[in-house]
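Peer 1: Have a look at this one before I ask anything.
Computed from the coordinates by the stated procedures, all read-outs in this text should not be read as laboratory data. If you're wondering where the values come from, they're calculated on a predicted model, not measured in any experiment. Positions of Cβ are backbone-derived with ideal geometry, glycine not excepted, and every protein chain shown enters the neighbour counts.
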Amino acid sequence: MRTLEVFRLVDTNYTLLASYAEDALIRAEPFDALEFRLGILWGR
């Protein structure tokens, strides 16, 4: 399974904000102005 995990740096630690899989439709910061399907990253 292919996944995309989104983290935010808080002080000196990274915090997981979201995890998306396969061909999910996402808006992930810091690019949340854009909505896209993950499949385009995997060449689908």
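Peer 1: Among THR12, ILE40, ALA24, whose Cα sits farthest toward the positive end of the charge dipole of the chain (+1 at Cβ of Lys/Arg, -1 at Cβ of Asp/Glu, about the Cα centre)?
Peer 2: Selected residue: ILE40.
Peer 1: Please state the relative contact order of the chain as a whole percent: Cα pairs under 8 Å, 6+ residues apart?
Peer 2: 29 percent
Peer 1: Can you run the Rg to Rh ratio on the chain? Use alpha carbon positions and the Kirkwood inverse-distance Rh.
Peer 2: Values: Rg = 11.5 Å, Rh = 11.2 Å.
Rounded to two decimals, Rg over Rh is 1.02.
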